[in-house]
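The values are calculated or read from the model by the stated rules, or taken from the named source; none is laboratory data. This is a predicted model, so every value here is computed, not measured. We place every Cβ from the backbone using ideal geometry, glycine too, and count neighbours over all the protein chains shown. Just so you know, the surface numbers come from the protein's heavy atoms only, side chains and all, with ligands and any DNA or RNA stripped out. Shrake-Rupley method; radii C 1.70, N 1.55, O 1.52, S 1.80 Å.
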Amino acid sequence: EDQVTQSPEALRLQEGESSSLNCSYTVSGLRGLFWYRQDPGKGPEFLFTLYSAGEEKEKERLKATLTKKESFLHITAPKPEDSATYLCAVQAGTSYDKVIFGPGTSLSVIP
Amino acid sequence: ETGVTQSPTHLIKTRGQQVTLRCSSQSGHNTVSWYQQALGQGPQFIFQYYREEENGRGNFPPRFSGLQFPNYSSELNVNALELDDSALYLCASSPTGRGAEAFFGQGTRLTVV
C-alpha cells in the first residue's frame, strides 16, 4: 500500500538554528514528490516538486532533496515567519493525478 | 493570492443532513481535486475532476459526490452527514498533467453536530 510518513511530528527551533525535516515514502511508480507549507486555517501553499533521486531544489532558506526512499527539507537559519506545518506529498504511478499526503511536521521557530 | 476560492468558509450542519461545498478554480486550470483534512492530519484525497468527468477517486463512500462545470468550477456534495465528516475540505486546481503542483483554496471548515 502506498504510504507517506513524516518526522518529527513537531519541531521547535530557536531563530537561526538550522535543521531538517524528513519524509519517507513507499509507493509504486513515483511520479513526483512535493513539499507544501500550511499555515493554520489556510490551504497548503506549494513549495517544491522533485522528480528523481539526487534532485535538489532551493527557495530562500529552504532546500529540498530526494533519494529513492525519502526526502529532506533543510531549513537554514530559520526565522519566526517560517513557523508552519510542512507537508510532504507523493504522486504515484496511476492513471490520474492522485496525491498522497503525509501527516506533516509542525515547525515552531522561537525568536 | 492563489486565485482558488471556496465557499462557504465555515459551515455547521446536523448529522444526517446534506451539504454542498463550492470551488472556483484558478484561471486556465482544468483539473480540480478535493481533499478532506482532519485536525492534525494531512489532506486525504477524495476525488479529482478533469474536463467535467471524475478522473479518480480515493477511499471515500459514494455519499461523497462531485461535479465540475464547463467553466471548471466544482462542487463537492456530501449526503447523510456523519460526525466524522467534520473536517477542513480543500479544493485544489491545476493545469493538465500537473496534478500535484496544485493551487489550494483556503478551505471550508465543516462541523457536523
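Any idea which of A:Gly54, A:Gly43 is crowded, with 18+ Cβ neighbours inside 10 Å, assigned to a loop (DSSP other than H, G, I, E, B) and free of Cβ contacts under 8 Å to residues at least 60 places away in the same chain? Before the answer, list the steps.
Numbers: A:Gly54 fails: crowded, with 18+ Cβ neighbours inside 10 Å.
Checking each option against the conditions leaves just A:Gly43.
For the range A:58-104, how many residues are under 28 Å from B:Ile46 (Cβ atoms) and assigned to a strand (DSSP E or B)?
Total meeting the criteria: 16.
Do you know which of the residues in the range B:45-86 that are touching a Lys or Arg at 6+ places or on another chain (Cβ under 6 Å) and of a type in the set (Phe, Trp, Tyr) is surrounded by the fewest Cβ atoms within 10 Å (Cβ to Cβ)?
B:Phe47
When A:Ser24 is evaluated against the numbered criteria (1) open to solvent by 30 Å² or more (accessible area, probe 1.4 Å); (2) within 12 Å of another protein chain (Cβ to nearest Cβ); (3) of a type outside the set (Val, Ile, Thr); (4) in a strand (DSSP E or B), which criterion, by number, is the only one it fails?
(2)
Select, from B:Arg57, B:Arg63, the only residue that is under 16 Å from B:Val19 (Cα atoms), over 10 Å from the mean Cα position of the chain (by Cα) and of a type in the set (Lys, Arg). Break it down into steps so the answer makes sense when it comes.
On the way: B:Arg57 fails: under 16 Å from B:Val19 (Cα atoms).
Exactly one residue qualifies, and that residue is B:Arg63.
I'm checking my understanding of the structure. Among residues of the range B:26-37 that are over 18 Å from A:Ala84 (Cβ atoms) and modelled with pLDDT of 90 or more, which one is nearest to the other protein chains (Cβ to nearest Cβ)?
Filtering the range B:26-37 for residues over 18 Å from A:Ala84 (Cβ atoms) gives B:26-34, B:36.
When the remaining residues are screened for being modelled with pLDDT of 90 or more, the result is B:32-34, B:36.
Working: B:Val32: 11, B:Ser33: 7, B:Trp34: 11, B:Gln36: 11 Å.
Only one residue fits best here, namely B:Ser33.
Quick one: in the range A:68-97, which of the residues that are at pLDDT below 95 and open to solvent by 60 Å² or more (accessible area, probe 1.4 Å) is nearest to the other protein chains (Cβ to nearest Cβ)?
Going through the qualifying residues, I end up with A:Ser95.
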